[in-house]
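Structure first, commentary second.
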Amino acid sequence: MTDWLEKHVPKLVLAPSLVAIFVFVYGFIGWTAYVSFTKSRLLPKYDLVGTIQYEKLAASPRWEVALTNLAIFGILFILFATVIGLILAIMLDQKIRTEGPLRTIYLYPMALSFIVTGTAWKWILNPGLGIESVFRDLGFENFSFDWLVNPDLAIYTVVIAGVWQSSGFVMALFLAGLRSVDGEIIRAAMVDGISTPRIYMSIIIPSMAPIFLSSFIVLSHLAIKSFDLVIALTGGGPGYSTDLPATFMYAMAFSRGDIGQAASSATVMMMIVTAIIVPYLYSELRPRHD
Amino acid sequence: MTDLHMNDTHMDDRANRNRLMKRIALRFGLYTLLILFALYYLMPLFVMVVTSLKSLDEIRTGSLLSLPREIDFSSWGKAWSSACTGIQCEGLRPYFWNSVLLSIPAVAISTLLGAINGYVLAQWRFKGSNILFALMLFGCFIPFQVVLLPMALTLGALKIAGSIPGLMLVHIVYGIGFTTLFFRNFYVTIPTELVKAAKVDGAGFFRIFFAIFLPVSPPIIVVTIIWQFTQIWNDFLFGVSFSQAGTQPITVALNNIVNATTGVKEYNVDMAAAIIAALPTLLVYVVAGKYFIRGLTAGSVKG
């Protein structure tokens, strides 16, 4: 008996967490996926009725706005955060005397809640008293910056705030990558008289492909999950013009009382994330033969 | 001949000076850009602080970026103890304590579970343990919208819906993946021979953990605690979905204060409230930034 216990202690210790993960992650995903094929509205129903929820979703203009916004926000957010993060990392890698303090400044937004970030930028970008008035005081009398309340442009304010919050994090990733590039190769290239920009473009940046991948994964994941930032900055408005799938799902689940639409939109989000994460996890976790 | 030679060194001198000038110009440009970026990152914090110290009158007439004419702390007091989050007007104070009460046990329990899970997955592997690890890890990446509905029903069935223990359970369950990842990647760097040798000496599973692994763990414990604390303190989605009036965490209360529709819009109170909500995690970042960054990068790159 004690022998058996001894042998199985590791599994027994792991068991509670595993059970929790299986129920609360996989069980719940299964529940949501199942319910997305039912006619549930205010209360969950369990008779399968096929894909009517998805058809309804596909026909919903609000969902279309949410998906379009996710594409706009996702692409611009990933692009700008990556470019700014990379530029900052390369600049900081030039033996900058004040690197420590600068790094601290670039990265501190990551410690903030998206609600705090949203609140701050909502105030900065508000038409009238915000950045608009700063430019008017500088002499640009007709300067106008009303993106926050313009249904066509409000989604770009989410990009502005999101990039501000996350680009420092990308910088930290790239800086760690730059520091691990083999110094010998760079010295050899310098001896050969190759210019610094060339060294970066053709040696250093290509060698950081894995970091580009990780930052892409993290940023796309942040983009799909973005919920708090939109709520704090625009509340999804004006109207539903800045809805993202995450806010759409929340609205269906908790204010519209439409469980079927909530479950089917959540399932679509899950599929998008899976398509990105599974290949990544697979390549990261597969045993290496070297 | 000598003439030519002299001319040569002269040319060299000039070229050198040119190169030096170019270098100085480049350095100057580099520092200018770095400082401009620093100002861009600091601007929102600066705006928040100065706005919180201005009177409403000054906010309406003055500029976003100007320093306050006279420093007025009253909006801080209001944000802390009397701002309205809806019908209640008790400020952020009760919600601040809700967040404290919520995060301390949730951080402690999820860290503890992560440590023991990581120890098993790194040092006591069994058939299938790698797959189990991958399954746990995947749980870190799911969009939480996909679990909101069944979680709401489950919390209701367990009679802890809308309570702080209920929210705590949610944070623990969805924190395990990351805490396990941190500890597993840390313990995997310790040679397995150590465990084998200890086993030969008759030490058991827990003895080895407490005598060998725990004593070397403080760095990863700090990373995990900081990560979990930041995640839980800053969470909004779970907070807004699974709490009710009175049990809300600080992020939800902050959002309610900012979006309260009654009365005059008090930007200074909003900004003071935002700073109060941000203060604990900012403090952790300033005090233990190194560990904070390590957690961030460990969360995205396999160790």
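Run the simple label-point estimate for residue A:187 and residue A:75 please: 7 Å along Cα→C-beta, distance reported in nm.
Distance between label points: 4.5 nm.
Within 10 Å of each Cβ in A:27-36, how many Cβ atoms from other chains are there, averaged over the peptide?
4
Answer rounded, prolate or oblate for region A:1-96, using the Cα gyration tensor with square roots of eigenvalues a ≥ b ≥ c: rounded when a/c is under 1.5, else prolate when a/b is larger than b/c, else oblate.
Oblate is the answer for region A:1-96, as a/c is 1.5 or above yet b/c matches or exceeds a/b.
Taking GluC sites (Glu not before Pro) as exposed when DSSP calls them loop (any state but H, G, I, E, B) and at most 15 other Cβ atoms lie within 10 Å, what is the longest stretch of chain B free of them, the sites themselves excluded?
B:91-303
With solvent modelled as a 1.4 Å probe, how much accessible area in total do chains B and A shield from it at their shared surface, in Å² to the nearest 100?
About 7900 Å² of accessible surface is lost on pairing.
Could you pull out every Cys in chain B that lacks a partner Cys with its beta carbon under 4.7 Å away?
Isolated Cys, chain B: B:140.
What's the percent breakdown of Cα-Cα distances in chain B across 20 Å bins, shortest bin first?
Going from the shortest bin to the longest, the percentages are 25, 42, 23, 9, 1, 0.
Please work out, to two decimal places, the log10 of the ratio I(q)/I(0) at q = 0.07 Å⁻¹ from a Debye calculation in which every Cα of the protein assembly as shown carries one identical scatterer.
Each listed q maps to, in turn, -0.49.
Taking chain B as a Gaussian network, Cα atoms linked when under 10 Å apart, which of B:200, B:49, B:120 shows the biggest mean-square fluctuation?
The residue with the greatest mean-square fluctuation here is B:200.
Mind checking which of B:21, B:271, B:48 has the largest fluctuation in a GNM of chain B, springs on alpha carbons under 10 Å?
Maximum among the listed residues: B:21.
Using a 10 Å cut-off on Cβ to Cβ distances, tally the other chain neighbours for every residue of A:211-217 and report the average as a whole number.
That works out to 2 on average.
May I ask you to give the solvent-accessible area per residue for the protein assembly as shown, in square angstrom, as obtained with a 1.4 angstrom probe?
47
Given R₀ = 51 Å, FRET efficiency for residue A:18-residue A:149 by Cβ-Cβ distance, to 0.05?
0.55
How well do other chains shield peptide B:41-48, expressed as the mean number of their Cβ atoms within 10 Å of each residue Cβ?
Shielding by partners across B:41-48 averages 6.
Among the helices of chain B (complete DSSP H runs), which have Cα atoms covering no less than 20 Å along the helix axis and a Kyte-Doolittle mean of at least 0.0?
Qualifying helices, which must be both long enough and hydrophobic enough, are B:2-52, B:93-123, B:164-187, B:218-234, B:267-287.
Of B:56, B:34, B:150, which is farthest on the positive side of the dipole of chain B, counting Cα position, with +1 on Lys and Arg Cβ, -1 on Asp and Glu Cβ, and the Cα centre as origin?
B:150
Percent of accessible area on chain A owned by carbon and sulfur, 1.4 Å probe?
Heavy-atom surface of chain A belonging to carbon and sulfur, 1.4 Å probe: 67 percent.
Once you've got the Cα coordinates, tell me which of B:127/B:290; A:225/B:127; A:95/B:290 are over 26 Å apart.
Exceeds cut-off: B:127/B:290; A:225/B:127.
Hey, in the GNM for chain A with a 10 angstrom Cα cutoff, which one of A:26, A:54, A:106 fluctuates hardest?
A:26
Return, for the Cα atoms of region A:186-279, the radius of gyration and Dmax in Å, separated by a comma.
Reported Rg and Dmax, both Å: 21.2, 68.
Pull out the extension gain between residue A:45 and residue A:59, defined as 0.36 nm times the separation in residues minus the alpha carbon to alpha carbon distance; nm, one decimal.
The residue A:45-residue A:59 span can extend by a further 2.8 nm.
Under the classification rounded if a/c is under 1.5, otherwise prolate if a/b is larger than b/c and oblate if not, where does region B:68-146 fall, given a ≥ b ≥ c as square roots of the Cα gyration tensor eigenvalues?
prolate
Please work out whether chain A counts as rounded, prolate or oblate from its C-alpha gyration tensor, where a ≥ b ≥ c are the square roots of the eigenvalues and a/c under 1.5 means rounded, while otherwise a/b larger than b/c means prolate and anything else oblate?
oblate
How large is the accessible surface of residue B:290 in square angstrom, using a 1.4 angstrom probe and rounding to the nearest 10?
Here the residue's solvent-accessible area equals roughly 130 Å².
Roll a 1.4 Å probe over the protein heavy atoms and report the accessible area of residue B:158 in Å², nearest 10.
100
Only sites in a loop by DSSP and with at most 16 other Cβ atoms within 10 Å count here; which chymotrypsin sites (Phe, Trp or Tyr not before Pro) in region B:42-125 make the cut?
B:73
The values are calculated or read from the model by the stated rules, or taken from the named source; none is laboratory data. If you're wondering where the values come from, they're calculated on a predicted model, not measured in any experiment. Note: ideal-geometry Cβ built from the backbone for every residue, glycine included; neighbour counts use all protein chains shown. Side chains included, ligands, DNA and RNA excluded: accessible areas come from the protein's heavy atoms. Shrake-Rupley method; radii C 1.70, N 1.55, O 1.52, S 1.80 Å.
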